[in-house]
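S.K.: Before I ask anything, let me first share the structure, which is written out below as structure tokens.
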Amino acid sequence: MKYLYLVLILAFSFNLSAQENLDLSYYLPQDISYNPEITTPQEVLGYIPGEWHVTHDLLVAYMRTLASESPRISIENRGTTFEGRPLLLMLITSEANQKNLETIRKNHVSLTEANSENLKTEEMPIVVYQGFSIHGNEPSGSNAALLAAYYLAAGQGEKIDKLLENTVILFDPSLNPDGLQRFAYWANTNKSKNLNPDPQDREFSEVWPGGRTNHYWFDMNRDWLPVQLPESRARITTFHKWQPNILTDHHEMGSNSSFFFQPGIPSRTHPLTPQMNQDLTKEIGTYHAKALDKIGSLYYTEEDYDDFYYGKGSTFPDINGSIGILFEQASSRGHVQETDNGLLTFPFTIRNQFTAALSTLEAAGSMRSKILDYQRSFYKNSRNTMGKDAYVFGSEKDKNKAYHLAEILKRQQVEIYEIKEDFELNGKNFKKGSGYIVPKNQRQHRVVEAMFEKRTSFTDSLFYDVSAWSFPLAFDLNFDNSVPLKYAGEKIDSLQKPSINTLIKSEYAYLMEWHDYYSPKALNLILEKGLRAQVGMKSFEADSKNYDYGTILIPVQNQKMNTTEIFNFLKEVSEKSNVSITGVNTGLTKGINLGSNYFRSLEPQKVAIIVGDGITPYDAGEIWHLFDQRYDMHITKLDTRDFGSTNLSKYTDIILPNSWGTALEKKDTEKIKDWVKDGGTLIGYKNAAKWFNTNEFMKLEFLENKVKAKDISFEERNDFRGAQGIGGAIFEATQDRSHPVNFGYSDNKIALFRDTTIFIKADSTSFNNPLKYTEKPLLSGYISKPNLDLLANTVPFKQVEMGKGNVILFTDNTNFRGFWYGTNKLLMNAIFFGDEM
Ligand SMILES: [Zn+2]
């Protein structure tokens with residue numbers, strides 16, 4: 001023990017002095033000279049990289065300085081984050097290439113087109129996208145970017161000249177500016193003068209939600225395919241504009257690890273990714289190995305992570321003829337931390353990332369024409385496997401939802417067409433103006449396939465991320481994967497929002513159907529304005545048009561506004577939310593009449609969400625984003641930390657997102673219960689099921705997976721356990737459309753995203769099961785046989801009354817990653833119609 005103590009002291013003091021004497025030579029290769037005209041990082045930051053965590057504003061200042069000084073660097077501002085930080089891209093290449101950049105780009109991109117056989121790849125530069133710290137609290141990447149940019153701007157000699165001549169580097173110093181800034185503040189404000197490596201120090205445990213995510217607490221390294229966030233939009237635009245050959249994604253992992261580079265676990269590679277991609281990844285890996293050997297750093301490869309979900313930065317390139325590479329450095333979190341591998345200093349983590357950034361460029365240089373040839377052959381092979389027919393998707397009643405899927409496809413450079421004429425196929429109707437045709441015969445057809453396919457058989461039963469993401473299911477759209485091209489109309493070059501009907505003035509009443517994605521946004525505007533509105537509990541027919549369950553009625557008489565004011569206001573609402581509203585002149589409709597008791601009055605909703613310690617930030621953030629960005633609705637974030645002193649009586653609805661452990665104390669539980677009994681609607685997600693049951697909000701019967709390990713060895717135990725989880729797959733449920741939770745849906749089946757093994761037995765009273773998993777619910781993704789058997793006929797939704805209020809439970813995430821547009825309405829129905837359930 002004494003000996004160990006001494007070793008620690010020695011190691012610690014050695015380390016401290018190492019950091020006190022930290023100098024650029026710790027990082028930079030010393031076999032070349034550096035141009036003294038180029039500003040060093042410390043001249044802008046005021047410290048050597050690694051002494052403090054760089055904030056995003058200083059990172060930007062340094063990058064702009066380099067761009068202004070070096071003819072090798074041009075800089076592009078691609079917009080801003082949610083918090084207004086610039087999304088910079090530096091283009092780094094030789095001075096001669098800089099003058100010729102657009103020609104180089106065009107030539108490069110033409111490698112992906114037909115007739116590219118004559119292009120001489122040995123004479124073409126390779127394009128490398130280097131992206132850093134998409135998880136803001138994995139800071140060694142962005143801090144290493146300071147050094148890599150300096151090296152590329154200031155390095156002199158034949159080796160670097162050749163590198164710049166043969167390479168165009170798309171240098172993205174911070175993939176997550178808001179998260180990086182948040183984390184740097186934490187690490188820096190908790191730094192001690194005498195660096196303290198005790199892992200229990202506050203320095204290593206960030207305050208909720210941490211800096212991993214962006215402003216709305218999204219994991220941006222899952223958004224490369226759905227492209228729902230401004231940061232993703234910027235980098236996906238760059239990606240398609242340049243078609244880089246290699247894309248590197250610099251991350252951090254647990255502090256007790258070493259350094260990881262891809263390939264990941266071979267058996268988990270997505271089957272649509274060519275084997276050659278993985279072979280090249282492996283060959284590139286030999287360059288990382290050599291460089292890390294040279295500085296004495298330990299590393300590993302192929303044992304962890306995978307290339308399955310195409311929404312990750314290191315996998316997305318693989319379906320685009322490129323090679324994505326993941327780096328994971330053990331994290332020091334703060335400035336120095338005790339770990340299983342001794343003291344892990346922040347500078348050490350930066351040096352490994354910097355080294356891997358350079359070995360990437362070295363590999364790119366040496367393997368240049370091989371990798372360019374691979375890109376050309378990827379697209380050539382891809383052209384040979386194109387189908388002759390097309391996909392179609394659409395929704396007659398919800399054009400906005402279909403439009404948003406089309407928008408994603410356009411962001412992924414997919415060619416889409418209008419529907420030429422109405423047609424019916426396999427029992428589904430597709431209408432001109434309410435859907436889109438996607439021909440298979442196009443350059444991006446592999447991306448489309450990856451986005452649209454359903455898959456239920458796999459070579460592995462473990463996944464680093466979700467096992468399914470089929471977009472037509474996530475959007476709950478009518479879809480067919482084989483329609484004749486004759487139904488394709490005009491090609492869509494610039495995608496326009498769907499058109500809405502012009503509002504005609506009425507002296508009597510207005511009707512708004514509930515199917516449109518944005519109808520909750522419109523309803524909220526109407527109720528907030530103080531207008532009376534009602535919801536129809538039954539369907540009816542007016543002016544020969546069918547109005548479905550959940551139609552909103554706005555009577556003209558007995559309102560705070562006069563006829564003209566109502567008309568003008570509703571016109572504004574209709575345009576703002578892009579939803580059609582219709583004026584009617586009689587209450588004598590077929591089915592229920594407009595004065596019927598089946599029209600129930602609605603109240604403005606004051607919604608709160610519980611956030612903070614114990615709550616899953618992603619799940620909470622998705623809801624915050626949904627209300628704030630999509631529906632323009634206020635949602636108050638109530639922190640678990642000061643829940644005790646919160647006045648709940650202001651809110652009509654409280655959302656309890658998924659949580660781990662206990663987010664709320666006993667007295668908080670009683671407080672919520674009293675609030676529900678007074679008339680509140682409490683909406684819980686996923687693990688809230690257990691909490692609801694234990695605290696007697698609702699009685700639930702859970703089904704348990706009791707599968708026992710048989711013939712499973714010690715070595716196989718983790719795989720065995722993992723295979724019994726549900727990492728994220730898509731399942732089918734039936735919908736009782738007459739139940740308010742299902743208002744606005746136009747058929748009786750829905751796809752749900754599930755990543756939990758909470759199975760709830762259905763109620764013996766059928767009308768209490770408005771959503772129920774089918775007999776064979778698996779639509780896409782992996783689930784073990786025992787779990788699938790359990791899931792059949794269980795329910796993902798429960799609702800009970802409690803006093804004057806309501807308790808509602810969803811076991812599945814209706815807002816997953818911002819792209820599950822198809823299930824968002826379930827939550828909005830719980831909000832607006834909870835009282836009618
Ligand atoms: Zn990460």
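The values are calculated or read from the model by the stated rules, or taken from the named source; none is laboratory data. Everything numeric here is computed off the predicted structure, so don't read it as measured data. Heads up, the Cβs are rebuilt from the backbone with ideal geometry, glycines too, and the neighbour counts pull from every protein chain shown. Surface areas here come from the heavy atoms of the whole protein model, side chains and all, with no ligands, DNA or RNA. Shrake-Rupley method; radii C 1.70, N 1.55, O 1.52, S 1.80 Å.
S.K.: Applying the selection to the range 593-604, what residues are in a loop (DSSP other than H, G, I, E, B) and open to solvent by 20 Å² or more (accessible area, probe 1.4 Å)? Break it down stepwise before answering.
M.R.: Residues of the range 593-604 in a loop (DSSP other than H, G, I, E, B): 593-598, 602-604.
If the condition is that a residue be in a loop (DSSP other than H, G, I, E, B) and open to solvent by 20 Å² or more (accessible area, probe 1.4 Å), then Asn593, Gly595, Ser596, Asn597, Tyr598, Glu603, Pro604 are the ones that fit.
S.K.: Any residue at all in the range 465-473 that is at pLDDT below 95, crowded, with 16+ Cβ neighbours inside 10 Å and of a type in the set (Ser, Thr, Tyr)?
M.R.: Yes, there is a match, as at least one residue in the range 465-473 is at pLDDT below 95, crowded, with 16+ Cβ neighbours inside 10 Å and of a type in the set (Ser, Thr, Tyr).
S.K.: Do any strands (runs of 3 or more DSSP E) entirely within the range 244-363 hold 2 or more residues that are within 16 Å of the ligand (Cβ to nearest atom), and if so, which? Working first, answer last.
M.R.: Values: elements: 246-253, 259-261, 323-330, 336-339, 342-345.
Where strands (runs of 3 or more DSSP E) fall fully within the range 244-363 and carry at least 2 residues being within 16 Å of the ligand (Cβ to nearest atom), they are 246-253, 259-261, 323-330.
S.K.: Quick one: count up the residues across the range 109-135 that are in contact (Cβ under 8 Å) with a residue 24 or more places away in the chain and polar (S, T, N, Q).
M.R.: 5
S.K.: Which numbered condition in (1) more than 15 Å from the ligand (Cβ to nearest atom); (2) touching a Lys or Arg at 6+ places or on another chain (Cβ under 9 Å) is the only one that Thr189 fails?
M.R.: It fails just one condition, (2).
S.K.: Considering (1) surrounded by 20 or more Cβ atoms within 10 Å (Cβ to Cβ); (2) outside any loop (DSSP other than H, G, I, E, B); (3) more than 16 Å from the ligand (Cβ to nearest atom), say which one Leu195 fails and leave the rest.
M.R.: Result: Leu195 fails condition (2) only.
S.K.: Here's something else I'd like to know. Any residue at all in the range 238-247 that's under 16 Å from Glu302 (Cα atoms), open to solvent by less than 20 Å² (accessible area, probe 1.4 Å) and not β-branched (Val, Ile, Thr)?
M.R.: Here is the first cut: in the range 238-247, the ones under 16 Å from Glu302 (Cα atoms) are none.
No, the range 238-247 has no match at all.
S.K.: Kindly establish whether Ala96 is in contact with a helix residue (DSSP H, G or I) (Cβ under 8 Å, 6 or more places away or on another chain), open to solvent by 40 Å² or more (accessible area, probe 1.4 Å), at pLDDT 95 or above and within 25 Å of Ile371 (Cα to Cα).
M.R.: On the way: in contact with a helix residue (DSSP H, G or I) (Cβ under 8 Å, 6 or more places away or on another chain): yes; open to solvent by 40 Å² or more (accessible area, probe 1.4 Å): yes; at pLDDT 95 or above: yes; within 25 Å of Ile371 (Cα to Cα): yes.
Considered against the rule, which asks whether it is in contact with a helix residue (DSSP H, G or I) (Cβ under 8 Å, 6 or more places away or on another chain), open to solvent by 40 Å² or more (accessible area, probe 1.4 Å), at pLDDT 95 or above and within 25 Å of Ile371 (Cα to Cα), Ala96 comes out as yes.
S.K.: Within the range 705-781, which strands (runs of 3 or more DSSP E) (wholly inside it) include 3 or more residues that are open to solvent by 50 Å² or more (accessible area, probe 1.4 Å) and farther than 22 Å from Tyr517 by Cβ? Spell out the reasoning first.
M.R.: Details: elements: 729-735, 749-754, 771-780.
Because the criterion is at least 3 residues that are open to solvent by 50 Å² or more (accessible area, probe 1.4 Å) and farther than 22 Å from Tyr517 by Cβ, the strands (runs of 3 or more DSSP E) in the range 705-781 that meet it are 771-780.
S.K.: Any chance the range 484-496 includes a residue that's of a type in the set (Phe, Trp, Tyr), in a loop (DSSP other than H, G, I, E, B) and at pLDDT 95 or above?
M.R.: The answer is no, given that none of the residues of the range 484-496 is of a type in the set (Phe, Trp, Tyr), in a loop (DSSP other than H, G, I, E, B) and at pLDDT 95 or above.
S.K.: Just the residues that are farther than 24 Å from Asn793 by Cα and open to solvent by less than 20 Å² (accessible area, probe 1.4 Å), please, taken from the range 676-694. Lay out the reasoning, then the answer.
M.R.: Taking the range 676-694 as the starting set, the residues that turn out to be farther than 24 Å from Asn793 by Cα are 676-682.
Correct list: Val676, Gly680, Thr681, Leu682.
S.K.: Also: Somewhere in the range 213-235, is a residue of a type in the set (D, E, K, R), within 13 Å of the ligand (Cβ to nearest atom) and either in a helix (DSSP H, G or I) or surrounded by fewer than 22 Cβ atoms within 10 Å (Cβ to Cβ) (or both)?
M.R.: Scanning the range 213-235, I find at least one residue that is of a type in the set (D, E, K, R), within 13 Å of the ligand (Cβ to nearest atom) and either in a helix (DSSP H, G or I) or surrounded by fewer than 22 Cβ atoms within 10 Å (Cβ to Cβ) (or both), so the answer is yes.
S.K.: For the range 126-179, how many residues are surrounded by fewer than 24 Cβ atoms within 10 Å (Cβ to Cβ) and either basic (Lys, Arg) or within 15 Å of the ligand (Cβ to nearest atom) (or both)?
M.R.: Looking only at that region, the number is 3.
S.K.: Take the range 805-819 and flag every residue that is part of a loop (DSSP other than H, G, I, E, B), under 11 Å from the mean Cα position of the chain (by Cα) and over 20 Å from Phe833 (Cβ atoms).
M.R.: Within the range 805-819, the subset part of a loop (DSSP other than H, G, I, E, B) is 811-815, 819.
Checking which are under 11 Å from the mean Cα position of the chain (by Cα) leaves us with 815, 819.
Phe819 - this is the single residue of the range 805-819 that is part of a loop (DSSP other than H, G, I, E, B), under 11 Å from the mean Cα position of the chain (by Cα) and over 20 Å from Phe833 (Cβ atoms).
S.K.: What single numbered condition from (1) assigned to a loop (DSSP other than H, G, I, E, B); (2) in contact with a Lys or Arg (Cβ under 9 Å, 6 or more places away or on another chain); (3) within 16 Å of the ligand (Cβ to nearest atom); (4) open to solvent by less than 20 Å² (accessible area, probe 1.4 Å) fails to hold for Glu206?
M.R.: (4)
S.K.: Also: Taking strands (runs of 3 or more DSSP E) that fall entirely within the range 539-587, which contain at least 3 residues that are over 18 Å from Glu528 (Cα atoms) and of a type outside the set (Asp, Glu)?
M.R.: Numbers: elements: 540-542, 545-547, 552-555, 582-584.
Strands (runs of 3 or more DSSP E) meeting the threshold: 545-547, 582-584.
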